Structure formats: structure tokens, C-alpha cells
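Colleague: There's a structure below that I have some questions on.
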Amino acid sequence: MGEKAKAIEWLGDRVRLIDQTKLPGKEIYLELTGYRQMAAAIKQLKVRGAPAIGVAAAYGVVLGARQIKTGDREKFLAKLKKRRGRNRGHEADRRKSFPFRQTVRAYYFTGDEHF
């Protein structure tokens, strides 16, 4: 019996995953080294299915975190908190906007998952 194919696999400094846009005709693997590559793979549906997308997104976070260069943990965390706090006001304004409310309302009342 042959070895089972792994849909997604951590290889120490990169992630290898099956390009699901090529299935079932071909079994092509992608090796991704950055979070932007992972985000693009998810967006382009090279990763499909909620569990695989969740694992891929988590690996994307790890890939991004590995690229952070800092010598002072406390400074980094303070900067991170400052950025997050600044963006919250924008998000609150966005949620109050008419198009956003209409999209959410349409989703809940129609069950349309593709807004």
C-alpha cells in the first residue's frame, strides 16, 4: 500500500500543501515560506475546506511571526497593542456604515454565504 498524501504539512521553515485547484487530475504540491503566500493560496482556493483553511491560516500566522525582527519583547508588545487600539475606531465606524449593515442583514436573512 502506498503512503497517504498529506494535505498540509509543516517542514520546519515552510509549509507544503496540495494545490487543490489541480485535483483530481494532478497532485501538485506548493511550498510556501511567507504569510502573504499562504493568504494568496487561501484566497485562490488552493486550500479548501474549513479544517484545512483553519490549519493553513494558523501556519500562515506562524510564518509571519517567524519574520518579526525584534530584540525587545516589551517594546514589541506595546507597539502591537497601540496598533490594535488605533484600528478599533475604524472598525466601529465600518460596522455602523450602511453597506456593512445591509450585507450582514442580507447574510442572516437569506443564508447567502457569498457576499
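The values are calculated or read from the model by the stated rules, or taken from the named source; none is laboratory data. Keep in mind that what you see is a predicted model, and the values were worked out from it rather than measured. All Cβ positions, glycine included, derive from the backbone under ideal geometry; neighbour counts span all protein chains shown.
Colleague: Are any residues in the range 60-79 outside any loop (DSSP other than H, G, I, E, B) and out of contact with any Phe, Trp or Tyr (no Cβ under 6 Å at 6 or more places or on another chain), and if so, which ones?
Modeller: From the range 60-79, those outside any loop (DSSP other than H, G, I, E, B) are 60-66, 73-79; that's our starting set.
Within the range 60-79, Val61, Val62, Ala65, Arg66, Arg73, Glu74, Lys75, Phe76, Leu77, Ala78, Lys79 qualify.
Colleague: May I ask you to verify whether Ala52 is surrounded by 10 or more Cβ atoms within 10 Å (Cβ to Cβ) and at pLDDT below 80?
Modeller: Answer is no for this residue.
Colleague: Right, another one. Of a type in the set (Lys, Arg), part of a helix (DSSP H, G or I) and at pLDDT 65 or above: is that true of Lys82 in this structure?
Modeller: Yes, satisfied.
Colleague: Which of the following residues is exposed (fewer than 13 other Cβ atoms within 10 Å of the Cβ) and of a type in the set (A, V, I, L, M): Leu45, Leu30, Leu63?
Modeller: After ruling out the rest, the residue left standing is Leu45.
Colleague: Pick out the one residue from Leu45, Leu63 that is within 13 Å of the chain's Cα centre (by Cα) and in contact (Cβ under 8 Å) with a residue 40 or more places away in the chain.
Modeller: Leu63
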